[in-house]
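**Student:** Before we start, here is the structure in question, set down as structure tokens.
The values are calculated or read from the model by the stated rules, or taken from the named source; none is laboratory data. In this text the structure is predicted, and so the values were computed from the model without any measurement. Please note: Cβ atoms are built from the backbone with ideal geometry, for glycine as well, and neighbour counts cover all protein chains shown.
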Amino acid sequence: MILRRLPETVINRIAAGEVVERPASVVKELVENAIDAGARHIDITVRDGGQTLIAVTDDGHGMTADELALCIERHATSKLADDDLLTISTFGFRGEALPSIGSVARLAITSRAENSDEAWMIAVEGGKTKAPQPAARTAGTLVEVRDLFFATPARLKFLKAPKTEQTHAADAVKRLAMAHPGIGFTLSDGSRDLINLTPAEGAGSRLDRLAKIMSRDFYDNAMEINAEREGIKLTGYAGLPTLNRGNAQMQFLFVNDRPVRDKLLFGAVRGAYREFLASDRYPLLALFLDLPPDAVDVNVHPAKTEVRFRDAGLVRGLIVGALKHALSQSGHRASTTAAGAALGAARPGSLPTGARGYGGGYAPGELNAGLREHANQFHSPLPGLDAEPSAPATIIEDQDLGDYPLGVARAQVHETYVVAQTEDGIVIVDQHAAHERLVQERIKKAIDSGGVQRQGMLIPEVVEMDDAAVHRLIERAGEFAELGLVIEAFGEGAVVVREIPALLGETDIQGLIRDLADDLAEWDEGLALSKRLGDVCATMACHGSVRAGRRLNGAEMNALLREMEATPHSGQCSHGRPTYVELKLADIEKLFGRR
């Protein structure tokens with residue numbers, strides 16, 4: 001075997017294999033360069049998913065003819081101060097990006113340096129460079145990449161459909177736009193704008209920009225995050241648990257304004273929301289971590305989407321602590337999307353035979369008259385309401401409804417939902433979900449204050465299960481006892497429950513023990529239950545709460561509402577579902593044509 005030096009064009013194509021994975025990689029590199037150049041407006045065009053054309057125009061400080069000639073050489077950069085690879089304060093050392101792109105495509109760069117009277121253009125085609133030529137251009141830079149991968153046809157086979165590649169490019173632009181609300185961005189496919197974001201200024205600029213990308217729902221249900229520890233700062237916004245998705249696509253994490261996908265960061269987010277969301281649900285958030293450049297290594301991955309922290313434990317603790325603090329400050333808030341979904345599902349009902357429904361002859365103003373005309377065909381009380389409850393709902397006539405955020409109980413429907421009247425609407429509470437959260441918070445509070453009071457079983461309950469489940473439970477019996485649950489082995493294939501937390505009251509013990517055994521099967525065997533305290537409390541609370549189907553009297557309903565108002569996190573159950581829905585009177589009136 002004879003050693004030889006590879007040709008420069010081959011070296012560049014090998015580098016391109018790491019840097020230019022797909023058109024979105026090119027978009028990301030060029031937009032990052034424009035941001036580092038101080039641009040205030042960046043316009044991107046992506047045609048045919050980026051295969052035929054990627055063009056990025058900016059109004060940054062531009063380049064001279066000499067700088068143009070240097071920028072397409074390998075490992076040439078203006079971003080690496082003092083040649084220190086461990087202190088990168090820009091979007092990073094990417095000395096091979098432009099020559100790599102030029103080695104697999106037709107690259108043209110036109111630029112005019114600020115305070116210069118002339119512009120220049122340089123071209124690279126399949127790795128072959130042409131000399132700079134005079135050109136016409138205002139200040140800033142235009143980079144055009146045509147016929148991507150024409151020099152490496154095999155790479156074309158790995159490209160997805162143009163629509164898919166376009167989506168990836170749009171995602172790259174959105175992530176960069178989130179981190180830089182002061183910069184305007186447009187993305188076009190050549191015929192229409194896919195993204196059009198104007199520069200945002202002022203204190204609320206970041207949330208405004210996030211709302212334009214993540215949705216108005218996020219704006220309405222976001223909690224501000226602002227924490228600092230040992231020189232590391234965390235800012236951004238996180239959604240209420242009830243605003244969640246079935247995947248992590250709406251979780252955006254940034255390190256020194258660099259979009260990253262880091263397992264440590266995602267793990268910290270999951271840890272913070274563990275008590276409030278089911279394992280298959282994900283919160284919406286955008287978090288921005290700022291720390292000294294020497295405290296993070298951004299050169300772990302060629303595309304710089306992963307990072308390595310000098311003190312990973314400190315970073316994780318900061319994220320978990322900040323998110324938990326924000327969640328605790330959210331009180332009993334539930335996502336406004338729950339109300340929107342309820343109103344979206346509501347449809348004007350059909351009137352009895354012979355009546356004209358809304359849209360079938362009545363104008364909005366005539367609807368009430370139509371209802372009065374057929375009022376004698378309805379029965380009172382309405383079906384589903386408890387006509388003679390064990391105790392009437394208590395109405396406090398001399399108390400302003402404004403004093404109660406969740407209102408005053410008026411009725412219970414289907415022995416599952418509490419209906420309350422607020423100052424400007426109604427609240428519908430899922431009694432089981434709400435009480436489940438309340439019990440969970442009571443147990444946690446009792447543990448924090450010194451211990452959970454136990455209630456001895458008059459007749460100990462035997463729970464039969466397989467030997468493996470019994471072993472898992474008995475192995476943790478001491479830890480369960482600290483949480484108020486006393487269990488012992490009872491022969492083969494069974495455990496006996498002798499004491500339970502007094503807070504649980506009447507409990508489905510069989511279901512509780514089996515669920516706890518299932519939980520242990522999924523958790524790390526070496527992890528103490530104190531580390532999964534929220535999960536254990538949630539499982540206990542689920543079996544010790546007021547069940548759906550139980551009739552409540554007025555005093556019980558109002559007591560439930562008042563405790564919800566005073567309890568953190570009561571707006572969602574342990575699985576991230578809302579415990580109540582609030583409907584404003586104005587929205588209800590729209591359903592009936594009053595507005």
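**Student:** Can you tell which of Glu32, Glu18 is under 30 Å from the mean Cα position of the chain (by Cα), of a type outside the set (Lys, Arg) and at pLDDT below 85?
**Tutor:** Of the residues listed, the single one that is under 30 Å from the mean Cα position of the chain (by Cα), of a type outside the set (Lys, Arg) and at pLDDT below 85 is Glu18.
**Student:** Test of understanding: among Arg274, Arg206, Arg245, Arg261, which residue is of a type outside the set (S, T, N, Q) and farther than 28 Å from Asp311 by Cα?
**Tutor:** Numbers: Arg274 fails: farther than 28 Å from Asp311 by Cα; Arg206 fails: farther than 28 Å from Asp311 by Cα; Arg261 fails: farther than 28 Å from Asp311 by Cα.
Among Arg274, Arg206, Arg245, Arg261, only Arg245 is of a type outside the set (S, T, N, Q) and farther than 28 Å from Asp311 by Cα.
**Student:** In addition: Give me a count of the residues in the stretch 169-217 that are in contact with a Lys or Arg (Cβ under 6 Å, 6 or more places away or on another chain) and not hydrophobic (A, V, I, L, M, F, W, C).
**Tutor:** 2
**Student:** Only one residue in Val495, Val581, Val546, Val536 is in the same structural domain as Met465 (by TED's automatic domain parsing), buried (at least 16 other Cβ atoms within 10 Å of the Cβ), touching a helix residue (DSSP H, G or I) at 6+ places or on another chain (Cβ under 7 Å) and assigned to a loop (DSSP other than H, G, I, E, B). Which one? Explain how you work it out, then say what you get.
**Tutor:** Details: Val495 fails: assigned to a loop (DSSP other than H, G, I, E, B); Val581 fails: assigned to a loop (DSSP other than H, G, I, E, B); Val536 fails: assigned to a loop (DSSP other than H, G, I, E, B).
Only one candidate passes the filter, namely Val546.
**Student:** Moving to a separate point now. Just give me the residues in the stretch 125-160 being touching a helix residue (DSSP H, G or I) at 6+ places or on another chain (Cβ under 8 Å), among the hydrophobic types (A, V, I, L, M, F, W, C) and not in a loop (DSSP other than H, G, I, E, B), in sequence order.
**Tutor:** Val143, Val145
**Student:** Now, a different point. Of Ser530, Ser574, which residue is in contact with a helix residue (DSSP H, G or I) (Cβ under 9 Å, 6 or more places away or on another chain) and surrounded by fewer than 16 Cβ atoms within 10 Å (Cβ to Cβ)?
**Tutor:** Values: Ser574 fails: surrounded by fewer than 16 Cβ atoms within 10 Å (Cβ to Cβ).
From the options Ser530, Ser574, the qualifying one is Ser530.
**Student:** Within the stretch 127-150, which residues are out of contact with any strand residue (DSSP E or B) (no Cβ under 8 Å at 6 or more places or on another chain) and either surrounded by 17 or more Cβ atoms within 10 Å (Cβ to Cβ) or aromatic (Phe, Trp, Tyr) (or both)?
**Tutor:** Gly127, Phe149, listed by residue number.
**Student:** Identify the single condition in (1) among the hydrophobic types (A, V, I, L, M, F, W, C); (2) assigned to a strand (DSSP E or B); (3) surrounded by fewer than 20 Cβ atoms within 10 Å (Cβ to Cβ) that Phe185 does not satisfy, given that it satisfies every other one.
**Tutor:** Evaluating Phe185 over (1) among the hydrophobic types (A, V, I, L, M, F, W, C); (2) assigned to a strand (DSSP E or B); (3) surrounded by fewer than 20 Cβ atoms within 10 Å (Cβ to Cβ) leaves (3) as the failure.
**Student:** Is it the case that Ile500 is surrounded by 21 or more Cβ atoms within 10 Å (Cβ to Cβ) and either outside any loop (DSSP other than H, G, I, E, B) or modelled with pLDDT of 80 or more (or both)?
**Tutor:** yes
**Student:** If you don't mind, another one. Take Gly554 and decide whether it is among the small types (Gly, Ala, Ser), within 24 Å of the chain's Cα centre (by Cα) and over 11 Å from Ala433 (Cβ atoms).
**Tutor:** For Gly554, the condition - among the small types (Gly, Ala, Ser), within 24 Å of the chain's Cα centre (by Cα) and over 11 Å from Ala433 (Cβ atoms) - is not met.
**Student:** Look at the stretch 18-75 and say how many of its residues are more than 20 Å from Ala172 (Cα to Cα) and among the hydroxyl-bearing types (Ser, Thr, Tyr).
**Tutor:** 1
**Student:** Give the residue that is modelled with the highest pLDDT, with candidates limited to residues of the stretch 512-533 that are in a helix (DSSP H, G or I) and of a type in the set (Gly, Ala, Ser). First the steps, then the outcome.
**Tutor:** Going residue by residue through the stretch 512-533, those that are in a helix (DSSP H, G or I) are 512-522, 529-533.
Retained after the next criterion (residues that are of a type in the set (Gly, Ala, Ser)): 517, 521, 530.
Working: Ala517: 90, Ala521: 84, Ser530: 70.
If we take residues in the stretch 512-533 being in a helix (DSSP H, G or I) and of a type in the set (Gly, Ala, Ser), then Ala517 is modelled with the highest pLDDT.
**Student:** Which residues, taken from the stretch 557-592, are over 22 Å from Thr336 (Cα atoms) and in contact (Cβ under 8 Å) with a residue 12 or more places away in the chain?
**Tutor:** Met557, Asn558
**Student:** Oh, and also: Based on what the data block shows, is Ser25 in a helix (DSSP H, G or I), modelled with pLDDT under 95 and polar (S, T, N, Q)? Before you say what the answer is, go through the steps one by one.
**Tutor:** On the way: in a helix (DSSP H, G or I): yes; modelled with pLDDT under 95: yes; polar (S, T, N, Q): yes.
Yes.
**Student:** Pairs please, first residue from the stretch 177-189 and farther than 21 Å from Val260 by Cα, second anywhere and of a type in the set (Ser, Thr, Tyr), Cβ atoms under 6 Å, 6+ apart in sequence or on different chains.
**Tutor:** If the second residue must be of a type in the set (Ser, Thr, Tyr), the pairs left are Gly184/Thr198; Ser188/Thr45.
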